[in-house]
Amino acid sequence: MDGSTVCVEAVGEVAVITLNRPERLNALNAEMLSALVHALRESQSARAIVLTGSGRAFCAGEDLQETLAPVTGGAEELRVAFDRLQDITRLTASAPCPVVSAVQGYAIGGGAEIALSADFVVAGPAARLRFPEVVIGHAPTGGITARLPVMVGLTRAKELLLTGRWVDAEEGLRLGLYMEVVDDPRERALEFAGTLASHPQRSQAAVKRAIEFASVAQQETYLQLEVEMASYCFASAETEASFRAFRDRDRGPGRPADVP
């Protein structure tokens, strides 16, 4: 693994994209977000794609010690970052090849959205997922408000998004968030992606497109609505205070400093 925040390698006909900030639990900063979008664009011609993270997490969401709008910190730059985050969902959903994510450890907020934007999710036994946005006065921006109800049902989606509670690996499997829970999710994701890569690509692309259209026909409308919701929330003084308290709270002994 080199020093890049996102690494791409070819394993047979499968493009493996690895989030590579293990010291920050692969939390998203502006550099990583841009690199991930670029990697997904460049991998569209692969026969299958695997998304994974280095170290003990998939992705802990936005890096609370940095900002996705590092130049101006303003609303317009933040909207550009939201759009870039949504490009991940656009690229995974519209990719002509299957996308498989391998989730070990934490998948939080935007990190959970990235994982669940894949066609298939393979989790490890230590996988822990949550959507903390509402708890800190934010709103999801990666398309999950449209996709999660399709995956787990309307009531459960509301419960997960409005409480921000943790979901462990076994519950995630029961809810339908994960295809499988296995000891080595990366190895299993590669194996499964390799099998899919051997199938006729045109047929897979056509069926995937039909399923996506049937499930989230107005995806772009939902994505734009999420940007409006997030921008509205970020403009609130209440949100600023909630976020500051959340970031600076006492986590107690032994709790990772960058895990919400």
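The values are calculated or read from the model by the stated rules, or taken from the named source; none is laboratory data. A quick note: this is a predicted structure, and the numbers were derived from the prediction, not measured. Note that each Cβ is placed from the backbone with ideal geometry, even for glycine, and that neighbours are counted across all protein chains shown. With ligands, DNA and RNA removed, areas are computed over all heavy atoms of the protein, side chains included. Shrake-Rupley method; radii C 1.70, N 1.55, O 1.52, S 1.80 Å.
Below is a table of values for the structure above.
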item	result
Average accessible area per residue (Å²) across the range 124-189 - probe 1.4 Å, nucleic acids and ligands excluded	44
Those trypsin sites (Lys or Arg not before Pro) in the range 150-238 that DSSP places in a loop and that have at most 14 other beta carbons within 10 Å	165
Net charge dipole size for the chain [Lys, Arg +1 and Asp, Glu -1 on Cβ; Debye, nearest 20]	460
Crossing angle, helix 219-234 versus the chain [Cα axis fit, 0-90 degrees, rounded to tens]	20
Over the range 1-148 - Rg/Rh using Cα atoms and the Kirkwood inverse-distance radius	0.94
Calculated [θ] (222 nm, deg cm²/dmol) that DSSP helices of n ≥ 4 give over the chain, each run adding -39,500 (n - 2.57)	-14500 deg cm²/dmol
Overall form of the range 68-206 per C-alpha gyration tensor (a/c, 1.5; a/b vs b/c)	oblate
Dipole of the range 94-183, positive direction: furthest Cα of 137, 122, 110, with charges on the beta-carbon	137
Percent accessible area from carbon and sulfur atoms, the range 1-143, protein chains only, probe 1.4 Å	52
Nearest 10 degrees, 0 to 90: helix 30-42 Cα axis against the chain principal axis	20
Within a Gaussian network of the chain (alpha carbon springs, distance under 10 Å), most fluctuating of 235, 48, 139	235
Globularity index of the chain, i.e. its alpha-carbon radius of gyration over 2.2 N^0.38 Å	0.95
Residue-normalised accessible area of the range 1-123, given per residue in Å² at a 1.4 Å probe	34
